[in-house]
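The values are calculated or read from the model by the stated rules, or taken from the named source; none is laboratory data. Owing to the predicted nature of the structure, the values given are computational and were not obtained by experimental measurement. Here the Cβ positions follow ideal geometry from the backbone for every residue, glycine too, while neighbour counts run over all protein chains shown. Ligands, DNA and RNA are stripped out before the accessible areas are found, and what is left, the full protein with its side chains, is counted by its heavy atoms. Shrake-Rupley method; radii C 1.70, N 1.55, O 1.52, S 1.80 Å.
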Amino acid sequence: MRRLALVLGVAPLLFLSSGAAAARARRLVLGRSVDGRPIVAAELGNPASARKVLVVGAVHGNEPAGIAIADLLISRRAIRGVDLWVVPSFNPDGVAAGTRGNAHGVDLNRNFPWRWRPLSGVYYSGAHPLSEPESRIAYRFLGRLRPAISIWFHQHLDVVDESGGSVVGWENERIHGGTAFVVELPAGSLRPAATARFAHAVDAIAAR
């Protein structure tokens with residue numbers, strides 16, 4: 001597994017003024033889960049910027065620590081020159097139930113068309129690629145946004161990995177010129193200081 005370092009000691013970032021910050025988060029319902037829960041994306045910064053950055057707090061419902069980072073990013077002032085999109089969770093049903101899969105028991109990270117294969121058990125990959133509404137929502141959204149950088153939070157390995165699962169593999173294969181990678185957070189909930197540290201790291205990466 002190749003690991004990438006998050007650089008936390010960076011120069012001060014340029015944020016939008018507090019006046020502009022009031023309109024920083026435009027929320028958009030991308031679609032709904034199996035059980036009808038909304039999958040919401042928040043857009044911060046400059047929509048006209050060519051630099052699109054995506055942060056996803058959770059794909060597996062029993063790996064929710066990244067949602068705190070996503071929520072903090074949404075509450076902060078936007079970075080100049082970046083169109084930042086934040087999706088707290090593509091699997092709200094799994095988060096509500098505390099399960100890895102969605103309401104159908106499908107591992108959404110294995111439901112993308114990149115090298116899909118039938119898997120059962122905890123990694124159940126669904127009846128076919130993109131069989132799940134949440135996967136289709138993510139697929140369409142990624143295809144429209146075509147982010148330069150995508151950061152997908154998972155647990156519990158406490159590393160940063162550019163190989164990732166099938167979603168990241170699909171992105172790196174299909175979205176040319178972009179880079180997608182997984183940040184595996186440690187087990188359990190993040191302390192506020194750790195949440196702030198990861199959010200700052202996202203800001204630093206987005207601003208480069």
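Would you check if there is a residue in the stretch 101-114 being at positive phi and part of a strand (DSSP E or B)? Walk me through it before giving the result.
Going through the stretch 101-114, the residues at positive phi turn out to be 105.
Checking which are part of a strand (DSSP E or B) leaves us with none.
No: the stretch 101-114 contains no residue that is at positive phi and part of a strand (DSSP E or B).
Taking the stretch 109-153 as the region of interest, how many residues are among the hydroxyl-bearing types (S, T, Y) and more than 28 Å from I205 (Cβ to Cβ)? Walk me through how you get there before you give the answer.
Taking the stretch 109-153 as the starting set, the residues that turn out to be among the hydroxyl-bearing types (S, T, Y) are 120, 123-125, 131, 135, 139, 150.
Filter again for more than 28 Å from I205 (Cβ to Cβ), leaving 120, 123-125, 131.
Count: 5.
Being buried (at least 17 other Cβ atoms within 10 Å of the Cβ) and in a helix (DSSP H, G or I) is the filter here, so list the residues in the stretch 188-199 that pass it.
Of everything in the stretch 188-199, those that are buried (at least 17 other Cβ atoms within 10 Å of the Cβ) and in a helix (DSSP H, G or I) turn out to be T195, F198, A199.
Pull up the stretch 59-73, narrow it to residues that are under 9 Å from S89 (Cα atoms) and assigned to a loop (DSSP other than H, G, I, E, B), then point me to the one that is most open to solvent (accessible area, probe 1.4 Å).
For the stretch 59-73, the residue satisfying everything is P64.
Restricting the first residue to the stretch 180-191 and requiring it to be farther than 16 Å from H60 by Cα, which pairs with a second residue that is of a type outside the set (S, T, Y) and part of a strand (DSSP E or B) meet a Cβ separation below 9 Å and a spacing of at least six or different chains?
A180/L54; A180/I149; A180/I151; A180/W152
Inspect all residues belonging to the stretch 124-141 and state whether any of them is at pLDDT 95 or above, part of a strand (DSSP E or B), among the hydrophobic types (A, V, I, L, M, F, W, C) and buried (at least 18 other Cβ atoms within 10 Å of the Cβ).
No, because not a single residue in the stretch 124-141 is at pLDDT 95 or above, part of a strand (DSSP E or B), among the hydrophobic types (A, V, I, L, M, F, W, C) and buried (at least 18 other Cβ atoms within 10 Å of the Cβ).
Tell me, please, whether a residue that is open to solvent by 30 Å² or more (accessible area, probe 1.4 Å), touching a Pro at 6+ places or on another chain (Cβ under 8 Å) and aliphatic (A, V, I, L, M) can be found in the stretch 90-103.
yes
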